[in-house]
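> Following this message is one structure expressed as structure tokens.
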Amino acid sequence: MYPNVPHKHDQPILDVSHLAVRYNGHVALEDVTFHLHAGERVAVVGPNGAGKSTLIKAIAGVLQPSSGDVNIYGSHPDKHVCIGYIPQRSQVDWNFPVMVADVVMMGRSAKLGPFNWPRKKDWDFVNHALETVEIADLASRQISQLSGGQQQRMFIARAIAQESELMLMDEPLTGLDAPSQDGILNLLDRLKQEKVTVIVATHDLDQAASHFDRILLLNHRIVAFGVPQDVMQTNNLIQAYGGRLRSTENGNVLAVDDCCDNEHV
Amino acid sequence: MSFLLAPLQYEFMQRGMIAAVLVGIVCAIVGTFVVLRGMAFFGDALAHTILPGIALGYLVSGGAREPLFWWALGTAVVASLGIGAISKNSQIKEDTAIGIIFAGMFALGIALISTVRSYAVDLSHFLFGDVLSVSTQSLWLILLFGGLVLFTLLAFYKEFTTLSFDPILAATLRLPVDLLNNLLLVLIAVTVAVSLQTVGVALMVAMLVTPAATAYLLTKRLPRMMLLAAIFASLSGVIGLYLSYYLSIASGAAIVLTATFFFILAFGWKRMMSR
């Protein structure tokens with residue numbers, strides 16, 4: 001009922017091989033192949049509709065690929081409870097009657113198993129997670145009272161309480177003000193020290209280049225994958241975004257179709 | 001004092017009170033999830049869909065009331081899983097699919113009952129409930145099955161909460177999502193069968209959503225929401241039966257009207273506080 005397959009640590013934490021996802025004849029992803037080692041931070045960037053969310057859901061194992069494989073430490077994502085999925089904030093019912101600590105405790109559901117109620121050890125996990133993301137003082141707030149940055153921190157805390165080793169974040173920075181974005185990015189630095197592997201879908205090429213170890217440039221297929229300076233070549237970007245690119249004064253390149261909520265350029 | 005005690009000298013009133021309170025508590029707590037997951041239409045449809053089952057049982061048993069609980073229970077469980085499967089796999093939109101099945105089954109139920117001569121009276125009992133005719137045996141069935149529903153909800157409380165708040169999290173935690181969804185449908189179905197005699201098919205949805213929605217306005221904590229909903233539902237049952245006794249109103253309608261009154265009070269209070 002609640003699987004927990006031992007991790008093969010000689011295998012990469014994530015191995016995606018010839019992954020394809022098609023909906024009703026429409027191709028969302030085609031021939032996506034890459035792998036990651038524990039502790040890497042990857043930004044998935046690409047134009048709207050490039051398949052970023054689809055890729056994240058396929059890695060999480062909540063969406064079945066049409067063909068190809070996703071493996072986590074050598075076995076199917078279905079077999080793992082170590083994948084923390086952090087939803088887009090717009091997809092959450094913020095009026096649901098739960099407190100911040102309740103939501104973080106949800107991350108422990110799998111480790112608790114059926115019929116068990118949280119024990120002291122589980123509350124320790126929750127409190128530690130809340131302290132890590134610096135919202136311990138908000139533990140008994142109703143979730144509708146949180147700011148955007150705090151909402152995002154709560155979900156990261158939930159993934160920490162889940163003991164996830166691979167965190168998947170779908171647009172965690174979208175709609176946040178610049179200080180909140182910096183706060184989340186600093187948090188990602190801290191997670192790296194704890195060997196947590198992080199995959200973040202983002203619109204912001206600039207942030208992707210400055211805060212991530214690797215960039216995966218996606219437009220249904222992988223356009224480029226590697227360290228930022230290799231990926232952020234103009235020809236790659238043009239291949240991914242077509243004509244929808246613009247240079248800013250300081251020489252950065254910006255994808256104009258997605259830039260509406262990009263305050264800090 | 002005699003005002004409050006007078007109705008209780010009748011045993012059928014005592015049994016009616018107990019039934020209304022028990023049913024109220026079970027409906028309110030199950031209803032918490034119905035409200036949070038936006039399943040009100042499903043609950044309404046499910047209640048109506050069991051009418052042909054009850055009608056068939058009624059015809060087969062020659063008008064006896066006691067076996068009807070089992071007919072209602074069986075039909076409700078089958079219908080809930082059926083509606084669940086159809087709304088998941090349907091080509092047309094979920095609410096349209098549910099609407100077609102619900103109206104069709106309801107019409108079939110009415111057609112079956114209309115073959116009996118005392119049709120109008122019997123039909124109105126199924127539609128609007130007849131809590132004052134609850135037998136001692138029915139009370140035990142309500143207690144047993146209502147208790148079973150509450151026990152199951154409690155046992156899977158964290159799973160149901162996680163699944164209702166964030167289905168993708170539930171999937172990544174590898175919780176048995178389909179099984180839990182179907183279990184919740186079955187729990188709602190059993191609740192509908194248990195409540196049939198108290199409020200009837202047509203008013204069932206009010207017991208499922210109104211007390212829970214009232215509680216939702218007043219608290220932002222799930223356990224407290226369940227407790228408040230249960231209190232509002234029990235109070236509605238008791239007050240509704242007194243109203244029914246003194247004003248000669250149909251019992252099911254009186255209970256639902258009382259619950260609605262509580263909702264309006266809470267709604268008005270909320271509006272005043274937020275001003």
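> Taking only C-alpha pairs under 8 Å that are 6+ residues apart, what is the relative contact order of chain B in percent?
Reported relative contact order: 32 percent.
> Also: Between the stretch A:192-241 and the stretch B:258-275, what is the separation of their alpha carbon centroids in Å?
Distance between centres, Cα-based: 52 Å.
> Then there's this: According to the square roots a ≥ b ≥ c of the eigenvalues of the Cα gyration tensor, what is the shape class of the protein assembly as shown, taking rounded for a/c under 1.5, prolate for a/b larger than b/c otherwise, and oblate for the remainder?
prolate
> Mind sorting A:120, A:79 by how few other Cβ atoms lie within 10 Å of their own Cβ, fewest first?
Ascending Cβ contact count within 10 Å gives the list A:120, A:79.
> State, as an integer percentage, the relative contact order of chain A based on alpha-carbon contacts under 8 Å between residues 6 or more apart. Let's see the in-between values first.
On the way: 497 pairs, mean separation 65.4, N = 265.
The value is 25 percent.
> Further question: Span-like helices, chain B: DSSP H, alpha-carbon axial extent 30 Å or more, mean Kyte-Doolittle 0.5 or greater, which ones?
B:11-36, B:68-89, B:222-247, B:251-273
> What ranking of A:163, B:11 emerges when the number of other C-beta atoms within 10 Å of each C-beta is taken as an exposure proxy, fewest first? Could the numbers behind the result be given before it?
On the way: A:163 16, B:11 9.
So the residues, fewest neighbours to most, are B:11, A:163.
> Hey, got the average number of other protein chain Cβ atoms within 10 angstrom for residues in A:112-118?
Per residue, the number of nearby Cβ atoms from other chains is 3 on average.
> Only bridges with both residues in the protein assembly as shown count here: give the DSSP antiparallel percent, nearest 5.
Just about 55 percent of them are antiparallel.
> Cα-Cα over 26 Å: which of A:121/A:192; A:120/B:220; B:158/B:220; A:8/A:120?
A:8/A:120
> Just the number, please: percent antiparallel of the DSSP beta bridges in chain A, rounded to the nearest 5.
Details: 21 of 39 bridges.
Antiparallel bridges make up about 55 percent of those DSSP assigns within chain A.
> Which order do B:158, A:192 fall in if you start with the one that has the fewest other Cβ atoms within 10 Å?
A:192, B:158
> Take the alpha carbon gyration tensor of chain B, find the square roots of its eigenvalues, order them as a ≥ b ≥ c, and report rounded if a/c is under 1.5; if not, report prolate when a/b exceeds b/c, else oblate.
Details: a/c = 1.73, a/b = 1.11, b/c = 1.55.
Verdict is oblate for chain B.
> Let me ask another. Mind checking which aspartates and glutamates have their Cα closer than 12 Å to the Cα of residue A:195? Skip sequence neighbours fewer than 8 apart in that chain.
Within the straight-line cut-off, residue A:195 pairs with A:40, A:163, A:165.
> For the stretch B:110-157 and the stretch B:1-71, what is the separation of their Cα centres, given in Å?
4 Å
> Okay, next question. What does the structure give for B:29-42 when I average, per residue, the other chain Cβ atoms found within 10 Å of the residue Cβ?
Partner Cβ neighbours, averaged per residue: 1.
> Within 10 Å of each Cβ in peptide A:84-94, how many partner chain Cβ atoms are there on average? Round it to a whole number, please.
Mean inter-chain Cβ contacts per residue within 10 Å come to 2.
> Could you work out the relative contact order of the stretch B:127-228? I mean the mean sequence separation of Cα pairs under 8 Å and 6+ apart, divided by the number of residues, in percent.
Computed over the stretch B:127-228, the figure is 40 percent.
No value in this document is a laboratory result; all are computed from the given coordinates. Computed from a prediction, not measured in an experiment: that's the story for all the values here. Quick reminder, even Gly has a Cβ in these numbers, built from the backbone with ideal geometry, and neighbours come from all protein chains shown.
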